[in-house]
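One structure below.
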Amino acid sequence: MAWQPPLANIITLGVHDLTRERGFYQQLGWPIVLDSDDFIVFELRGALLALFPLNQLAPDAHTQAAPSSPGIRTSVIISVEQAAQVDELAAHARAAGATLTKEPTDAEFFEGRDAYFADPEGNYWEIAWSEGSNPVVAAARRAAGQPA
C-alpha cells in the first residue's frame, strides 16, 4: 500500500473547567456527538473538537500540564465560505462568552478577512476567509471532502 498522509481531524483541548467549556461550545451551536463525565466531543465540518480535563490529559500523554500563562501558543483556524461570515461568527463567539482578541478585519498575512477569539480558558481560534485560490483553503476543502 502506498504511503498516505495521516488523517488528523480530531482536536483535543485539555481544559480546567469541563462544564464551563462545554457550555461555551454549546452556545456556539456546535453539536455534541459524545458527552460523558470526563470527555465531550463536538462535531464540526471536517473535524471533531474534544474536551478532556487537563488533569487527565497530561497523565494520559505521560507528561505534565504546561503552566498557565497568558498569551497565545496555538490556535485552531475555522475556515468560513464568505467574508461576512468572519464578522458573523466573531459576534456569535462574543455573545457566547469569548474574548475577541482581534476584531474582524482585512487579514494582515494573507489576502482575505480574519478575526481571533479566545474561549473562556484562553484557547485561541482564528476565523478566516480567503478566496478558494488560496492553497491552504483549497487543501482544507479537500481534507473535508468538499470541492476546492
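Note on GLU111 and ALA65: with the Förster distance fixed at 35 Å, the Cβ-Cβ geometry gives a FRET efficiency of about 0.40.
Taking every DSSP helix (H) stretch of at least 4 residues in the chain, weighting each as -39,500 (n - 2.57) and dividing the sum by the residue count yields a mean residue ellipticity at 222 nm of -8000 deg cm²/dmol.
Sparsely packed loop sites in the stretch 41-148 (the chymotrypsin sites (Phe, Trp or Tyr not before Pro) outside DSSP H, G, I, E and B with at most 12 other Cβ atoms within 10 Å) comprise PHE109. In this Cβ point-charge picture (+1 for Lys and Arg, -1 for Asp and Glu), the stretch 54-119 has a dipole of about 320 debye about its Cα centre. Protein heavy-atom surface of the chain, 1.4 angstrom probe: 53% of the accessible area is carbon and sulfur, with nucleic acids and ligands not counted. Under the combined filter of DSSP loop state and at most 13 neighbouring Cβ atoms within 10 Å, the stretch 82-148 retains these GluC sites (Glu not before Pro): GLU108, GLU111, GLU131.
Note on the stretch 2-20 and the stretch 77-148: Cα centroid distance 18 Å, given to the nearest whole angstrom. Accessible area per residue for the chain, computed on protein heavy atoms with a 1.4 Å probe, is 63 Å². With both residues required to sit in the chain, DSSP beta bridges show an antiparallel share near 65%. Taking VAL76, VAL86, VAL15 as the candidate residues, the one with maximal mean-square fluctuation in a Gaussian network model of the chain, Cα springs under 10 Å, is VAL76. For trypsin sites (Lys or Arg not before Pro), the sites in the stretch 10-76 that DSSP calls loop and that have at most 13 other Cβ atoms within 10 Å are ARG45, ARG73.
Which of ALA50, ALA83, ALA66 moves most in a GNM of the chain, Cα contacts under 10 Å? Highest fluctuation of the listed residues: ALA66. Between LEU51, LEU13, LEU34, the Gaussian network model of the chain with springs among Cα atoms under 10 angstrom shows the greatest mean-square fluctuation at LEU34.
Sequence-distant contacts, meaning Cα pairs under 8 Å at least 6 residues apart, place the relative contact order of the stretch 2-69 at 34 percent. What you get for the stretch 1-117, charging only the Cβ of Lys and Arg (+1) and of Asp and Glu (-1), is a dipole of about 160 debye around the Cα centre.
Entry note, the chain: relative contact order of 20 percent, from Cα contacts under 8 Å with a spacing of 6+ residues. Here the stretch 17-74 is assigned +1 on the Cβ of each Lys and Arg and -1 on the Cβ of each Asp and Glu. Its dipole about the Cα centre then comes out at about 260 debye.
The values are calculated or read from the model by the stated rules, or taken from the named source; none is laboratory data. Since we're looking at a predicted model, the values are computed, not measured. Glycine gets a Cβ as well: all are built from the backbone with ideal geometry, and neighbour counts include every protein chain shown. Heavy atoms of the whole protein, side chains included, go into the accessibility calculation; ligands, DNA and RNA do not. Shrake-Rupley method; radii C 1.70, N 1.55, O 1.52, S 1.80 Å.
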